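Colleague: Structure provided below as structure tokens; questions to follow.
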Amino acid sequence: MTGSRNAGSRLPAPGLVRVAAALSLALFAVGAASAEDAVLNLRASVVSVATGGALTITLFRWSTDAERAPLLTALSERPVAARGAGGPQGLPLREGAPPPAGRTAGRGRGGRGAPPPSPAERLAAAVKGAPTLGYIWGEGVTGYSIKYAWRSPAADRVVLVIDRRLGAHAPEWKLAATAPEADFTVLELHLDGAGAGEGKSSLSAAVVVDAAAATVALDRFAAAPALLKVSR
């Protein structure tokens, strides 16, 4: 019986080697094809992390106008009780702000109605329903799905929205966050002609609608702390 078990454990080994080799070749081929098909390939490093903060950005296509619309609408539509509240461009992504004087947000019959969804909650729902356009990979095989991708006509400014909080795959990064936690991250990259530059995120800046460019964006980009160093 022992000999039979030992023989059984040894026999599949050559087959397993062949399968592993085939999978490696297949993954290499898929990776090569993905890089060739991508409309944007960038590498980035988290500036606050000495080692292990490398990211690879692979985007297969840009969002269409129809795909961008739900995210813009999520930030633009505001509950009646919240209209008139101040903030950058009147469309801040800040939670916890009180409703205007004399009104109570979400008050239903008897004053016990559920509050309306916040801009962050509406945006998170829109991100979740958006198609996947590419991926941002951390070290290993952990990645983030890119759900929104916009670039300026000069391609010197790129806005990406991913489906989770950046750094969720790497708690050791200990990324400082001043904005409320959300199930998405907005990344805005400012690039030079060679595709190098810096990136900032919604972890430390409010998300607003840039009406002139018709895109979601970071408020006061210049004042926000840099998060990523970007290169080709």
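The values are calculated or read from the model by the stated rules, or taken from the named source; none is laboratory data. In this text the structure is predicted, and so the values were computed from the model without any measurement. With ideal geometry, Cβ positions are generated from the backbone for all residues, glycine too; neighbour counts draw on all protein chains shown.
Colleague: What pairs come up if the first residue lies in the stretch 38-60 and is in a loop (DSSP other than H, G, I, E, B), the second is of a type in the set (D, E, K, R), and their beta carbons are under 7 Å apart, counting only those six or more places apart or on different chains?
Modeller: Final answer for the pair search is VAL39/ARG61; VAL47/LYS229; GLY52/GLU139; PHE60/ASP37.
Colleague: While we're on this one: If you go through the stretch 144-163, how many residues are among the polar types (S, T, N, Q) and in a strand (DSSP E or B)?
Modeller: Residues of the stretch 144-163 among the polar types (S, T, N, Q): 145, 152.
Still in the list and also in a strand (DSSP E or B): 145.
Number of matching residues: 1.
Colleague: Next question, about the same structure. Taking only the stretch 168-204 into account, find how many residues are of a type in the set (Gly, Ala, Ser) and over 20 Å from ALA217 (Cα atoms).
Modeller: Final tally of qualifying residues: 4.
Colleague: The conditions are (1) surrounded by fewer than 14 Cβ atoms within 10 Å (Cβ to Cβ); (2) of a type in the set (Lys, Arg); (3) in contact (Cβ under 8 Å) with a residue 60 or more places away in the chain, and ARG151 fails exactly one of them. Which is it?
Modeller: So ARG151 meets the others, but not (1).
Colleague: Would you check which residues across the stretch 189-209 are more than 12 Å from the chain's Cα centre (by Cα), surrounded by 21 or more Cβ atoms within 10 Å (Cβ to Cβ) and outside any strand (DSSP E or B) and list them?
Modeller: Result: ALA205, ALA206.
Colleague: Restricting to the stretch 170-184, name every residue that is surrounded by fewer than 18 Cβ atoms within 10 Å (Cβ to Cβ) and either within 15 Å of the chain's Cα centre (by Cα) or more than 24 Å from GLY195 (Cβ to Cβ) (or both).
Modeller: Matches in the stretch 170-184: PRO171, GLU172, LYS174, ALA176, ALA177, THR178, PRO180, GLU181, ASP183.
Colleague: Can you tell me which residues in the stretch 25-60 are among the hydrophobic types (A, V, I, L, M, F, W, C), under 20 Å from LEU228 (Cα atoms) and modelled with pLDDT under 75?
Modeller: ALA50, the sole residue that qualifies.
For (1) closer than 17 Å to ASN41 by Cα; (2) free of Cβ contacts under 8 Å to residues at least 40 places away in the same chain; (3) surrounded by fewer than 19 Cβ atoms within 10 Å (Cβ to Cβ), each residue gets a yes or a no:
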| site | (1), (2), (3) |
| --- | --- |
| LEU133 | yes, no, no |
| LEU187 | yes, no, no |
| ALA211 | no, no, yes |
| ALA214 | no, no, yes |
| SER231 | yes, no, yes |
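Colleague: On the given criteria, is THR178 of a type in the set (S, T, N, Q) and more than 19 Å from ALA126 (Cβ to Cβ)?
Modeller: Answer is yes for this residue.
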